[in-house]
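Undergrad: Just passing along the structure, written as structure tokens.
Each value in this text was obtained by applying a stated rule to the coordinates, not by laboratory testing. The structure displayed is predicted, hence computed values, not measured ones. Counting neighbours? That spans all protein chains shown, and the Cβs are built from the backbone with ideal geometry, glycine included.
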Amino acid sequence: MPTIRIKNNREGNVLAKLKAIGSKNLTSAISLQAAKYTLGQVKAGFRKESDPYGSRWARKQKPDGRKILTGKTKKLKRNFETRLRLGGGFAIKAATPYASFHQDGTRTGLPARMIFPDSRGLPDKWSKKFKSITKAEIKKITR
């Protein structure tokens, strides 16, 4: 199943550094805010019918009046599991078993319609937001 795992902020490993100075509450706060933002971006992808990098999803072969990847139950769009990791970071997982077919496409012709970032890494917009979340949370505890 598709999952996005963020272990720490890739720009300077900020979460790892904060953990080293013993600030568990701070890393949890950063992880929580980053997870909320990421889940919002995933859901925005469904609204915009585009992948995390801004590319439009392939059109449906048989249009039925609904948005792409939005079936009758909207199960794929609504079912994500979010977990904060103990050492900082988070994981968001699609809870439907067929999500990976949409993420990666299939050999039988189902085109890939990415829900999560792929091996290219985080979109720049996400990285910038993670930095601003980190700065804001640090500012909160250093007041």
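Undergrad: With θ set to phi - 60° and the Karplus curve 6.51 cos²θ - 1.76 cosθ + 1.60, what are the ³J(HN,Hα) couplings of the stretch 119-129 in order, to the nearest whole Hz, using x for Gly and Pro?
TA: 5, 5, x, 6, x, 4, 4, 5, 4, 4, 5
Undergrad: First measure r as the distance between the Cβ atoms of residue 37 and residue 91, then evaluate 1/(1 + (r/R0)^6) with R0 = 25 Å and state the FRET efficiency to the nearest 0.05.
TA: On the way: r = 14 Å, r/R0 = 0.58.
Working from the Cβ atoms, E equals 0.95.
Undergrad: Assuming R0 = 30 Å, can you tell me the calculated FRET efficiency for the pair residue 78 and residue 140, based on Cβ-Cβ distance, to the nearest 0.05? Numbers along the way, then the final one.
TA: Values: r = 31 Å, r/R0 = 1.04.
After rounding to 0.05, the efficiency reads 0.45.
Undergrad: Mind checking the full-extension length gain between residue 106 and residue 60? Use 0.36 nm per residue of separation minus the Cα-Cα distance, one decimal, nm.
TA: Details: separation 46, 0.36 × 46 = 16.56 nm, distance 1.46 nm.
Once the chain is fully extended between residue 106 and residue 60, it gains 15.1 nm.
Undergrad: Got a sec? Charge dipole of the stretch 17-143, +1 on Cβ for Lys and Arg, -1 for Asp and Glu; which of 98, 45, 136 is way out at the positive end?
TA: 136
Undergrad: For the cross-link pairs 62/128; 43/135; 48/140; 74/135, which exceed 30 Å when the distance is taken from alpha carbon to alpha carbon? Could the numbers behind the result be given before it?
TA: Working: 62/128 38 Å; 43/135 25 Å; 48/140 33 Å; 74/135 36 Å.
Pairs exceeding the cut-off: 62/128; 48/140; 74/135.
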